[in-house]
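**Student:** Before anything else, here's the structure in question.
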Amino acid sequence: MTPGNFGSAHGWLGHAMDGSGPLVGEMVVIVCFGAPAAYYATLAVLERRAPHTVTGEVLRMEPRRRESAPRFLALDTGETDRTIAWALPPEAPAVVPGSVVRLAVSPATRAVRSAEVVAG
């Protein structure tokens, strides 16, 4: 395709403008790839925001399956009856159940940016 084909009636743009294209299958493929791309772009924008600080008692730690895999912890902040699982990065300090920790977190992805043991 040469640059001159963009405005001509014989190019892809002309077919799209006169109603003979794109096909339904093409639109389904565009939506199937566009929706996850928009979702991940939104998550990337949310990750750029300042982290929230969460302090609470560690109720449970899930061991990691690989050395590079994150560990997961269940944290009780005392604000509600629900606990939230957070993914600790591999370089986070060792945390045991019953200790109180302060986490700098990204609520959009439940990822922990930094962890600090406050007591325990």
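**Student:** Would you please calculate the Kirkwood hydrodynamic radius of the range 59-120 over all C-alpha pairs and express it in Å, rounded to one decimal?
**Tutor:** Numbers: mean 1/r = 0.0839 Å⁻¹.
That comes to 11.9 Å for the range 59-120.
**Student:** Taking the Cα-to-Cβ direction at S99 and at V45 and moving 7 Å from each Cα, how far apart do the two end points lie in nm?
**Tutor:** Taking the two extended label points, one gets 3.8 nm.
**Student:** With every protein chain present, what accessible area does R66 have (1.4 Å probe, heavy atoms only), rounded to the nearest 10 Å²?
**Tutor:** 150
The values are calculated or read from the model by the stated rules, or taken from the named source; none is laboratory data. For clarity, every value in this text was computed on a predicted model and none was experimentally measured. Every residue, glycine among them, receives a Cβ derived from its backbone with ideal geometry; neighbour counts consider all protein chains shown. Heavy atoms of the whole protein, side chains included, go into the accessibility calculation; ligands, DNA and RNA do not. Shrake-Rupley method; radii C 1.70, N 1.55, O 1.52, S 1.80 Å.
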